[in-house]
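**Q** Quick one: the structure is below, questions incoming.
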Amino acid sequence: MKIGIDIDGVILDYQRVLNTYGDLYDFIELKKDGIVSKNELYLRKKYNWTDEERMNFVNKYFLKLSKQTHLIPGAKDVINMLKNEKNELIIISARGGMIEEMKDVAINKFEKEGLSFDKYYWKQEDKLDVAKKEKIDVMIDDSYDVCKKLSSNGIKTIYFREKNMKKLEENENLKEVSNWGEIYRYIKVMSL
């Protein structure tokens, strides 16, 4: 089975770290209550920051936070089980698009943790093209927009959703999960 996997919010707990420091930056440094929508994944939609404020945050925190982010519990074990079961694991991530070095941080973390993948697609804002090109059987992502787009285009999609993120209605192409145990269970049932 070909499995596409996003990095941030799926393998690395980057989104939780980013949200924490985004709130601190907004409240302490900007002295605002700039949250527009708590259940948004992207900074540009979550806060009413100016472009300058957002880019200051990106430049000050993105790489620093990326280096201190840990694996999501269960990710390493399940990824290794899927790999040992001869699944093809393909990273499809937007990482490296804003700050190139973030890609290297992820690669170094994966090497340190003993994680390997068959292919890497970096800087992917629109993951549908890659998913189609690679004939992905299932994609794991934490973005509402990405999951909605993939599933509505016939790609089986696992929406790794934190409790405060927007909900998507499950259907034949979309399954919502909150941990790697659920991901493994769903993939195994799919392959029967």
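**Q** About its Cα centre, what dipole magnitude does the range 1-103 give when the only charges are +1 on Lys and Arg Cβ and -1 on Asp and Glu Cβ, stated in debye to the nearest 20?
**A** On the way: 17 positive and 16 negative charges, 28 e Å.
Magnitude of the dipole: close to 140 debye.
**Q** Let me ask something else. Just to be sure I understand, if you calculate volume of the Cα convex hull per residue in Å³ for this structure, which of [x] 176; [y] 111; [z] 121 do you get?
**A** [y]
**Q** Also: Could you work out how far the C-alpha centroid of the range 69-91 sits from that of the range 1-56, in angstrom?
**A** Distance between centres, Cα-based: 25 Å.
**Q** Label points 7 Å out from Cα along the Cβ direction at M55 and E29: separation in nm?
**A** 1.5 nm
**Q** Using modelled amide H (1.01 Å from N, peptide plane; none on Pro or chain starts), what sits under 5 Å from the amide H of L174, excluding residues fewer than 5 places away?
**A** The answer is T157.
**Q** If you don't mind, there's one more thing I want to ask. Which entries of K76/K135; K32/K156; K135/K166; K32/K148; K38/K83; K123/K156 have Cα-Cα distances beyond 30 Å here?
**A** On the way: K76/K135 24 Å; K32/K156 40 Å; K135/K166 27 Å; K32/K148 32 Å; K38/K83 35 Å; K123/K156 22 Å.
Over 30 Å Cα-Cα: K32/K156; K32/K148; K38/K83.
**Q** State in Å² the accessible area per residue of the range 1-131; use a 1.4 Å probe, count heavy atoms of protein chains only, and round to the nearest integer.
**A** With all protein chains present, the range 1-131 gives 51 Å² per residue.
The values are calculated or read from the model by the stated rules, or taken from the named source; none is laboratory data. A quick note: this is a predicted structure, and the numbers were derived from the prediction, not measured. Because the Cβ atoms are built from the backbone with ideal geometry, glycine has one as well, and the counts that use them run over all protein chains shown. Note: accessible area is taken over every heavy atom of the protein model, side chains too, but ligands, DNA and RNA are not part of it. Shrake-Rupley method; radii C 1.70, N 1.55, O 1.52, S 1.80 Å.
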